[in-house]
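Undergrad: First the structure, then my questions, so here it is.
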Amino acid sequence: MIRALIADDHPIMREGLKLFLICNLDIEVEEVSSGQEAIDYVRMHDDLDILILDISMPGMDGLETLRIVRDIKPELPVLILSAYSEDQYALRALRGGARGYLMKTSATEELVEAVQRIIEGGTYLSPSIAQRVMAQLRGEETLPHHLLSEREFEVMRKIASGKTLTQISHELQLSVKTVSTYRSRILEKMKFRDNADITQYVLRHGLLGDAV
């Protein structure tokens, strides 16, 4: 029997995915609602076969959770669930060690195949983005924003969308001081002077997505 953990902050999404998996696979599914809960579960359970992880959660997001999970149990396969169709997210997930990237819009149709393929040692990308992402991975150049941590990348996009540090702190459930520290790191790593430089870079490279 496959043992899976779903980490998603939306109860209806968790229940829907769980029901679909149970109806189609010999699988036992547990649920958590945050990145920190996923990390705690992974630490306490050695029999987990796959982690199905939402990329966008309050507090610690999926990509940051992925990084920590990989440090704890590098052998644990992780399938990222995402509402983001932008290639940058899939690229960052794969570079971070995810074994699959599945669009939520097609999750029910592709979820069983994705889980089976990953459990068998393969990888899975939603067909809608697979060709573009693999082409970029093969010929990828290192760009300045690749130096950013997942949280810095997220803060950069939100700044570029016009949000204040206070608004960002509320959305990410962080203190304003912490968000300000992330902004300072972004400016330093990217060699930017101010928010205008951040906005120009994000727009030029098509990184904004739905940060608004």
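FYI, it's all coordinate maths here, none of it is from the lab. Everything numeric here is computed off the predicted structure, so don't read it as measured data. Here the Cβ positions follow ideal geometry from the backbone for every residue, glycine too, while neighbour counts run over all protein chains shown.
Undergrad: Compute the length gained on full extension between E28 and E171: take 0.36 nm times their separation in residues and subtract their Cα-Cα distance, giving the result in nm to one decimal. Intermediate results must be reported in sequence, preceding the final value.
TA: Details: separation 143, 0.36 × 143 = 51.48 nm, distance 3.27 nm.
Once the chain is fully extended between E28 and E171, it gains 48.2 nm.
Undergrad: I'd like the distance separating the alpha-carbon centroids of the stretch 46-66 and the stretch 147-162, in whole Å.
TA: Between the Cα centres of the stretch 46-66 and the stretch 147-162 lies a distance of 19 Å.
Undergrad: Now, a different point. Determine the gain in length on full extension of the stretch A83-D46; use 0.36 nm per residue of separation and subtract their C-alpha separation, reporting nm with one decimal.
TA: The span from A83 to D46 would gain 10.4 nm if fully extended.
Undergrad: Next question, about the same structure. Relative to the Cα centre, what is the charge dipole magnitude of the stretch 1-93, using +1 at the beta carbon of each Lys and Arg, -1 at the beta carbon of each Asp and Glu, and rounding to the nearest 20 debye?
TA: 140 debye
Undergrad: Over the Cα atoms of the stretch 46-116, what Rg and Dmax result, in angstrom?
TA: 11.5, 33
Undergrad: From the convex hull of the Cα coordinates of the chain, what is the mean projected area in square nanometres?
TA: Average projection, Cα convex hull of the chain: 11.5 nm².
Undergrad: Something else about it: Taking 0.36 nm per residue of separation and subtracting the Cα-Cα distance, what length does fully extending I12 through R95 add?
TA: Values: separation 83, 0.36 × 83 = 29.88 nm, distance 2.93 nm.
Fully extending the segment from I12 to R95 adds 26.9 nm.
Undergrad: Right, another one. Run the dipole for the chain about the Cα centre, Lys and Arg Cβ at +1, Asp and Glu Cβ at -1, nothing else charged, and hand back the magnitude in debye, nearest 20.
TA: Charge dipole, the chain, about its Cα centre: 1040 debye, nearest 20.
Undergrad: Which of L53, L125, L102 ends up with the largest GNM mean-square fluctuation for the chain, with Cα atoms connected below 10 Å?
TA: Largest GNM mean-square fluctuation: L125.
Undergrad: What FRET efficiency, computed as 1/(1 + (r/R0)^6) with R0 = 30 Å and r the Cβ-Cβ distance, is obtained for R3 and D71, rounded to the nearest 0.05?
TA: 0.90
Undergrad: Projected area of the stretch 73-114, taken from the Cα convex hull and averaged over every viewing direction, in nm²? Mind showing how you got there, number by number?
TA: Details: hull surface 12.1 nm².
If you wrap the Cα atoms of the stretch 73-114 in a convex hull and average its projections, you get 3.0 nm².
Undergrad: Below 8 Å, C-alpha to C-alpha, sequence gap of six or more: please give me the relative contact order for the stretch 2-138 in percent.
TA: Computed value for the stretch 2-138: 21 percent relative contact order.
Undergrad: I've got another one for you. Can you count the Lys pairs in the chain with C-alpha separation below 24 Å, eight or more apart or on different chains?
TA: Close lysine pairs found across the chain: 11.
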